[in-house]
Each structure stands twice: as structure tokens, then as C-alpha cells.
Amino acid sequence: MILLYLTGRNIRFWRFCDDQIPFVLNVDIWIIISVLFIIFVIGNYCIHRYYKQKQKTVLKQLNNTHYTIYKHIKTYQRAAVSFRYNHSDIIFTGNCVIVFLYNPGIRGYLKMAQPILLFYKSATCNISHGISSYIQIADITVSHSGFQIIAESKLWKLKNKLTFEFQSDKNIPEVHKLINDFKLDSF
């Protein structure tokens with residue numbers, strides 16, 4: 001409404017004829033809606049390209065290390081009052097798990113890159129650029145269809161339990177190695 005006020009144009013939302021039957025919205029409002037839609041699409045594309053560039057940066061840093069990548073894993077994220085479904089690519093390197101999140105749009109045909117998460121047991125990961133969130137692992141468990149990483153976050157002095165469930169029909173041996181290492185470190 002502020003934009004309409006600043007332009008100084010008299011934009012009518014309904015146009016009436018002599019018999020007072022409302023017709024289609026005025027052409028000016030369609031131009032505004034079209035411009036907002038184009039800004040939305042271009043903004044989402046720029047965000048996607050930004051996170052894809054960050055993914056390339058992380059993969060360049062992993063060139064000299066041994067890592068294993070699993071693609072197209074279903075990911076469920078749960079917090080106290082929120083739930084989120086994504087697809088992800090998971091990279092196992094040493095005692096770190098790097099997750100490239102994708103938002104599956106249009107039945108999975110359109111993948112929009114999301115922030116990159118790094119899960120760690122101890123602070124020995126050699127990745128410094130490109131990661132959006134560093135999350136310390138509280139527990140790792142194997143579920144019936146994959147594995148879960150449980151972490152705790154502190155937000156405004158409130159502890160929040162975060163659960164990341166990765167579902168895959170593939171056998172991922174790195175998960176069992178990570179679980180064994182985690183159990184040995186916790187004793």
C-alpha cells in the first residue's frame with residue numbers, strides 16, 4: 001500500500017460498469033503482482049546459486065581428504081515445535097558429517113540448495129569456509145530405515161533438542177563406524 005501511495009496513481013481494485021458488476025482487477029495491479037512474482041523467482045534463484053557456490057567451496061576443501069558421499073537421502077528435521085522435510089547429500093569425512101540440504105520442489109524435479117550443516121563429535125574438522133551451521137552431536141542412533149543424529153542447541157538460553165533423521169535404503173557403513181567411535185569417546 002505504501003508503494004501505491006508513493007507512486008501517486010489512483011489504482012482501483014475493482015472496475016464497475018453501469019450495472020455495478022465487478023470485472024477483472026485493474027491492469028496496474030496485475031503489473032505490480034507480476035513484478036513481485038519476478039522478484040520472488042529471481043531471489044530464490046540467487047539464493048540457490050549462493051548455496052551451490054558454497055557447496056563447491058566445501059568440496060574443494062575436501063579434495064585432499066578421504067570422504068564418502070551419499071546422494072538423494074530423505075531428511076527429516078525435528079525441533080520442539082517444528083518439522084521439516086528435505087532431501088540431502090551426506091558426506092562422511094573422519095568424525096564429521098557434512099549435509100548438503102535441498103528443498104524438493106515440484107515433486108522432486110526442482111532441487112533448491114539450502115544451508116550446509118556440519119555435524120561433529122570433536123572440533124577436529126578441517127573445514128572452515130562454506131559451512132552455514134556447526135552442530136555438535138549429542139547422540140547417534142540407527143533407526144529402522146536409516147540413522148538419526150540428535151543434537152542440542154541453545155537459543156535465547158533455552159535448550160532445544162534437534163533430531164535429524166536420515167532415511168535411506170542403502171547400507172551406510174560409515175554410520176556404524178561413527179556410532180562406535182562416538183560410544184568409545186563418551187565413556
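At-a-glance table
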quantity	calculated
Residues of the stretch 109-130 satisfying the condition of being of a type in the set (A, V, I, L, M, F, W, C), farther than 13 Å from ILE91 by Cα and surrounded by 16 or more Cβ atoms within 10 Å (Cβ to Cβ)	MET112, ALA113
Subset of the stretch 63-89 (residues that are in contact with a strand residue (DSSP E or B) (Cβ under 6 Å, 6 or more places away or on another chain) and closer than 19 Å to SER122 by Cβ)	THR65, TYR67
Top-ranked residue of the stretch 77-91 - restricted to ones that are of a type in the set (A, V, I, L, M, F, W, C) and modelled with pLDDT under 85, ranked as surrounded by the most Cβ atoms within 10 Å (Cβ to Cβ)	ALA79
Meets criteria (of a type in the set (Val, Ile, Thr), in contact with a Leu (Cβ under 8 Å, 6 or more places away or on another chain) and either under 30 Å from GLY43 (Cα atoms) or modelled with pLDDT under 80 (or both)) for ILE69	no
Residue list for the stretch 66-119, filter: in contact (Cβ under 8 Å) with a residue 12 or more places away in the chain, part of a loop (DSSP other than H, G, I, E, B) and within 15 Å of the chain's Cα centre (by Cα)	ALA79, GLY108
Which listed residue is over 19 Å from THR57 (Cα atoms), modelled with pLDDT of 75 or more and over 19 Å from the mean Cα position of the chain (by Cα), from SER168, SER122, SER145, SER186	SER145
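The values are calculated or read from the model by the stated rules, or taken from the named source; none is laboratory data. These figures come from a predicted structure and were not determined experimentally. No Cβ is skipped: glycine too gets one built from the backbone with ideal geometry, and neighbour counts run over all protein chains shown.
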